[in-house]
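**Q** Starting off with a structure, shown below.
The values are calculated or read from the model by the stated rules, or taken from the named source; none is laboratory data. Given the structure is predicted, the values throughout are model-derived calculations rather than measurements. Here Cβ is always computed from backbone atoms with ideal geometry, including for glycine, and neighbour counts include all displayed protein chains.
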């Protein structure tokens, strides 16, 4: 089984250590470090130890991988192979090339960024108060009524007012007007029918307008949203059939959702405070026009000669 190189943190550290000295010196330094910290050694490669901690780390990050003797041997084999190749790369001086040094620096940044995110999640746990507030919000969204409505979407307020005037004369013309004039491709062919929906799932202006309508009535003023101007008619209402399970049943998923929301908010705030200067790459040089064949002018002159 291939082990993703992003989780090979132990090998990356070993590679960085190896790049600072010769293979023989690195072996002695790694062995000394291992002895000084009293880490349990799982294997050695040309005298360089692979610690039990490295194996545990890879196993932990490979989610779903069983913790068995065979799995641990496979992980050690992968780390050993990577370390052997890394040692050979150092012997050839590849650790000193510009490309390799850039990649090592990028790998270091990636590891540090992941460490920061993990630390944030660990130290900023979701509180019971946050969970209860989010759960109450979900319950509020699931309560109340669902609506069955039709609408006609147009670009201008005047168009919407003209449609309302026609509907006041003939309310039964709604379907025909929707098919003829609505700009909503999803409902136009169905006479503007939106089916059953929860007002919370609509843009706020639309949801608020629907909630105020009586069954069988249509809006007497155009409803403006980011999409244009709507004329809406309410066909029916019913109690919302969606139910929210008890908090204990969804606590895990809800906690994870809040963690992601909190993390995104933190990262967005961090980015907004950072000074980011994007330097655009130089525009490519304009393509040179193709050379005109020498015979072209003569050919162009021939009609005139005639």
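**Q** For residue 54, are the conditions met, namely being touching a helix residue (DSSP H, G or I) at 6+ places or on another chain (Cβ under 9 Å), part of a helix (DSSP H, G or I), more than 30 Å from residue 262 (Cα to Cα) and at pLDDT 95 or above?
**A** No.
**Q** Would you mention how many residues in segment 169-183 are touching a residue at least 12 places away in the same chain (Cβ under 8 Å) and either part of a helix (DSSP H, G or I) or touching a helix residue (DSSP H, G or I) at 6+ places or on another chain (Cβ under 8 Å) (or both)?
**A** Residues flagged as touching a residue at least 12 places away in the same chain (Cβ under 8 Å) and either part of a helix (DSSP H, G or I) or touching a helix residue (DSSP H, G or I) at 6+ places or on another chain (Cβ under 8 Å) (or both) within segment 169-183 amount to 9.
For (1) outside any helix (DSSP H, G or I); (2) within 29 Å of residue 267 (Cβ to Cβ), each residue gets a yes or a no:
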{"residue": "59", "(1), (2)": "no, yes"}
{"residue": "84", "(1), (2)": "no, no"}
{"residue": "102", "(1), (2)": "no, yes"}
{"residue": "118", "(1), (2)": "no, yes"}
{"residue": "125", "(1), (2)": "yes, yes"}
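**Q** Can you tell me which residue within segment 208-235, out of those that are surrounded by fewer than 18 Cβ atoms within 10 Å (Cβ to Cβ) and without any contact (Cβ under 8 Å) to a residue 40 or more places away in the chain, is nearest to the chain's Cα centre (by Cα)?
**A** Among them, the one singled out is 226.
**Q** Let me ask something else about it. Taking residue 164 as the residue in question, decide whether it is over 30 Å from residue 226 (Cα atoms), assigned to a helix (DSSP H, G or I) and touching a residue at least 24 places away in the same chain (Cβ under 8 Å).
**A** no
**Q** Look through 59, 83, 153, 138 and report the one residue that is assigned by TED's automatic domain parsing to the domain that holds residue 177 and surrounded by 15 or more Cβ atoms within 10 Å (Cβ to Cβ).
**A** 153
**Q** Here's something else I'd like to know. Could you identify the single residue in 214, 221, 205 that is out of contact with any helix residue (DSSP H, G or I) (no Cβ under 7 Å at 6 or more places or on another chain), part of a helix (DSSP H, G or I) and at pLDDT 95 or above?
**A** Just one listed residue meets the conditions, 205.
**Q** Also: Would it be correct to say that residue 166 is out of contact with any strand residue (DSSP E or B) (no Cβ under 9 Å at 6 or more places or on another chain) and modelled with pLDDT of 95 or more?
**A** yes
**Q** As an exercise: evaluate residue 135 against (1) touching a residue at least 60 places away in the same chain (Cβ under 8 Å); (2) touching a helix residue (DSSP H, G or I) at 6+ places or on another chain (Cβ under 6 Å); (3) within 30 Å of residue 46 (Cα to Cα) and give the number of the one condition it does not meet.
**A** (3)
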